[in-house]
1. Exactly one condition in (1) at positive phi; (2) more than 20 Å from the chain's Cα centre (by Cα) is false for N187; which is it?
2. Filter the range 135-165 for residues that are in contact with a strand residue (DSSP E or B) (Cβ under 9 Å, 6 or more places away or on another chain), of a type in the set (A, V, I, L, M) and modelled with pLDDT under 85 and give the result.
3. Please determine whether any residue of the range 175-187 is acidic (D, E), over 26 Å from I104 (Cα atoms) and touching a strand residue (DSSP E or B) at 6+ places or on another chain (Cβ under 6 Å).
4. Among the residues of the range 207-242, write down those that are under 26 Å from A75 (Cβ atoms), surrounded by fewer than 19 Cβ atoms within 10 Å (Cβ to Cβ) and of a type in the set (A, V, I, L, M, F, W, C).
5. From the set of residues in the range 35-58 that are assigned to a loop (DSSP other than H, G, I, E, B) and over 21 Å from A79 (Cβ atoms), which is farthest from the chain's Cα centre (by Cα)?
6. Just to be sure, is L204 hydrophobic (A, V, I, L, M, F, W, C), exposed (fewer than 13 other Cβ atoms within 10 Å of the Cβ) and in contact (Cβ under 8 Å) with a residue 24 or more places away in the chain?
7. Of the numbered conditions (1) surrounded by fewer than 16 Cβ atoms within 10 Å (Cβ to Cβ); (2) farther than 21 Å from D154 by Cβ; (3) modelled with pLDDT of 95 or more, D61 satisfies every one except a single condition; which is it?
8. Among the candidates L180, L243, L209, L220, single out the residue that is part of a helix (DSSP H, G or I), closer than 26 Å to F26 by Cα and under 21 Å from the mean Cα position of the chain (by Cα).
Amino acid sequence: MISNRAQRKGCKDCQTPLDFEFSFAFQPIVNVREKSIFGYEALVRGIAGESAYSVLSRVNDENRYAFDQTCRVKAITLASHLGLDKVLSINFLPNAVYEPEHCIQSTLQAATETGFPINKLMFEITESEVVLDPAHLRNIFEHYEKQGFITAIDDFGAGHAGFNMLANFIPQILKIDMELVRNIDTNSVKQVLVKGLIDICQQLSITVLAEGIETDAEMLYFKSLNVELMQGYYFAKPGFQCLPDVQFS
């Protein structure tokens, strides 16, 4: 549950300035069937391209709300400046959102001011944070979908992103964690698990995205299972403050 202290603070902290700066790298998400770029995921980086950890290690209970809100605005603004006309995927911290209709206002304002289409914004719940209130998270996702946003679960199969989370709400996209993807073409256990997961997603009308693709064999295996959306170094590494292109074979 959300703490009483957090409830008292509410969304006021969304406007609290941070005492550190950060930027983004962007990594393509591709559609292998169409041989096209579906979108780009915004990955937090230091202002000189430092690692995500150098930024995330400075996020705490006091500034997590401001950080989450600032991430959204910065990602949308930078992507718009770079001329992105595809889907923009942004990770969000579920415990930093209290009342979706209020805390989403800065996101909507940034999209309006930059002319970025609402229906091309995808919000991924990050696996790095324990969801304290599943019902609240379901409310967030339902509200986001009503706004026209795309919803996704990131890194499914790792951290806190598991079947308990999936049982509480149905996202539009589910990203299979890279540890399940790695060497799947030669790992029979991973093959059984992933095939079962894909079957579940098909029954629930969830689009599957395989992330962390690094080899031709991994790509071909998922393609053989009719998984069209993929992401990973095989296609392109994240580009700092730029939109990397993808050369399809």
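The values are calculated or read from the model by the stated rules, or taken from the named source; none is laboratory data. All of these numbers come straight from a predicted model, not from anything done at the bench. Here the Cβ positions follow ideal geometry from the backbone for every residue, glycine too, while neighbour counts run over all protein chains shown.
1. For N187, the failing item is (1).
2. Within the range 135-165, L137, I140, A161, M165 qualify.
3. So the first thing to find is which residues in the range 175-187 are acidic (D, E), and the list is 177, 179, 185.
Add one more test, that the residue is over 26 Å from I104 (Cα atoms), and what stays is 177, 179, 185.
Then drop every residue that is not touching a strand residue (DSSP E or B) at 6+ places or on another chain (Cβ under 6 Å), which leaves 177.
Looking for residues that are acidic (D, E), over 26 Å from I104 (Cα atoms) and touching a strand residue (DSSP E or B) at 6+ places or on another chain (Cβ under 6 Å), one finds at least one in the range 175-187, hence yes.
4. Answer for the range 207-242, where residues must be under 26 Å from A75 (Cβ atoms), surrounded by fewer than 19 Cβ atoms within 10 Å (Cβ to Cβ) and of a type in the set (A, V, I, L, M, F, W, C): F240, C242.
5. Filtering the range 35-58 for residues assigned to a loop (DSSP other than H, G, I, E, B) gives 35, 46-51, 57-58.
Then drop every residue that is not over 21 Å from A79 (Cβ atoms), which leaves 35, 57-58.
Values: K35: 21, S57: 19, R58: 20 Å.
Across the range 35-58, the extreme among qualifying residues is K35.
6. Answer is yes for this residue.
7. Going through the list (1) surrounded by fewer than 16 Cβ atoms within 10 Å (Cβ to Cβ); (2) farther than 21 Å from D154 by Cβ; (3) modelled with pLDDT of 95 or more, D61 breaks only (3).
8. Residue meeting the stated conditions: L180.
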